[in-house]
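The values are calculated or read from the model by the stated rules, or taken from the named source; none is laboratory data. Please read these numbers as outputs of a predicted model, since none were measured by experiment. Here the Cβ is made from the backbone with ideal geometry for all residues, glycine too, and neighbour counts use every protein chain on show. The protein model used for the area step is the full one, side chains on, heavy atoms only, and it has no ligands, DNA or RNA in it. Shrake-Rupley method; radii C 1.70, N 1.55, O 1.52, S 1.80 Å.
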Amino acid sequence: MCAMARPRKPLLSTDRIIATARELVDREGLAAVSTRRLAAELGVSGPSLYNHFRTKDEILEAVADSVSGLVDLAMFEDGRDWRTALHDWAVSYRAALREHPNIVPVLARGPGRRPAALRLADAVYGAMVEAGWPPAQATSIGALMRYFIMGSALGSFAGGFVDDASAYDPADYPHLGQAHLLAEQQEKIDERAFETGLTALLDGLAQQYEQVRQSARP
């Protein structure tokens, strides 16, 4: 009689480690990640992780870069004007961060040596320079957009208000009589706020762009 074959464990790979770590960060936050916990999630021994990553920080950097890799960059290559491209990229970037908000603090440190993050920075900067922005201003635009997008992903404005009307005594807060209703409309309010801010930001850049073009004329 033939012995039953034992079920094979999934092979440990860099991609599998990153995906599992990302799920853990999404579910429980950055503090939950350790090599011991991650090994347990993967069903392997702790030392086996060191064949792929030397430290927890390296794992978190890889998770962060995997999220950067979710951001669409096609708008910088398909002929869209610089303003439309920035808008569409900002929407895609924010969507990726909203799916994985717990990794934002790592992303906020800057691209470092992360390949996907560097490709993202290169695409934005290159598109702005090609559109006619001076290099220094193109750099500032990339920084400005990152501040705005990451800030919008760090938390919910509407979700920060408790849904208890008694918390907003009109004697103390005469203008917050409806604040307890904000949380139940969190997504709508936050989306509208993001689009309002993004439009205002791009309107301001468009005015600066006209000044740049005028100053470049002979």
Residue satisfying condition, being in contact with a Pro (Cβ under 8 Å, 6 or more places away or on another chain) and open to solvent by less than 60 Å² (accessible area, probe 1.4 Å), within set 121, 74, 85: 121
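Surrounded by 16 or more Cβ atoms within 10 Å (Cβ to Cβ), touching a Pro at 6+ places or on another chain (Cβ under 6 Å), in contact (Cβ under 8 Å) with a residue 40 or more places away in the chain and over 30 Å from residue 176 (Cα atoms), is that true of residue 64? Full working, then the answer.
Numbers: surrounded by 16 or more Cβ atoms within 10 Å (Cβ to Cβ): yes; touching a Pro at 6+ places or on another chain (Cβ under 6 Å): no; in contact (Cβ under 8 Å) with a residue 40 or more places away in the chain: yes; over 30 Å from residue 176 (Cα atoms): yes.
Judged against the criteria, residue 64 is not a match.
Would you say residue 143 is without any contact (Cβ under 8 Å) to a residue 24 or more places away in the chain, out of contact with any Lys or Arg (no Cβ under 6 Å at 6 or more places or on another chain) and closer than 29 Å to residue 31 by Cα? Don't jump to the end; show me each part of the working.
Working: without any contact (Cβ under 8 Å) to a residue 24 or more places away in the chain: yes; out of contact with any Lys or Arg (no Cβ under 6 Å at 6 or more places or on another chain): yes; closer than 29 Å to residue 31 by Cα: yes.
Yes; evaluated as a whole, the condition is true for this residue.
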If I filter the stretch 21-46 down to residues being in contact with a Ser or Thr (Cβ under 9 Å, 6 or more places away or on another chain) and surrounded by fewer than 17 Cβ atoms within 10 Å (Cβ to Cβ), which single residue comes out as farthest from residue 100 (Cα to Cα)? 46
Would you be able to say whether some residue in the stretch 176-188 is in contact with an Asp or Glu (Cβ under 8 Å, 6 or more places away or on another chain), open to solvent by 50 Å² or more (accessible area, probe 1.4 Å) and not charged (D, E, K, R)? yes
In the stretch 22-66, what residues are more than 18 Å from residue 115 (Cα to Cα) and among the hydrophobic types (A, V, I, L, M, F, W, C)? 24, 25, 30, 31, 32, 33, 38, 39, 40, 42, 44, 49
Can you tell me which of 203, 190 is at pLDDT 95 or above, under 26 Å from the mean Cα position of the chain (by Cα) and within 26 Å of residue 96 (Cα to Cα)? 203
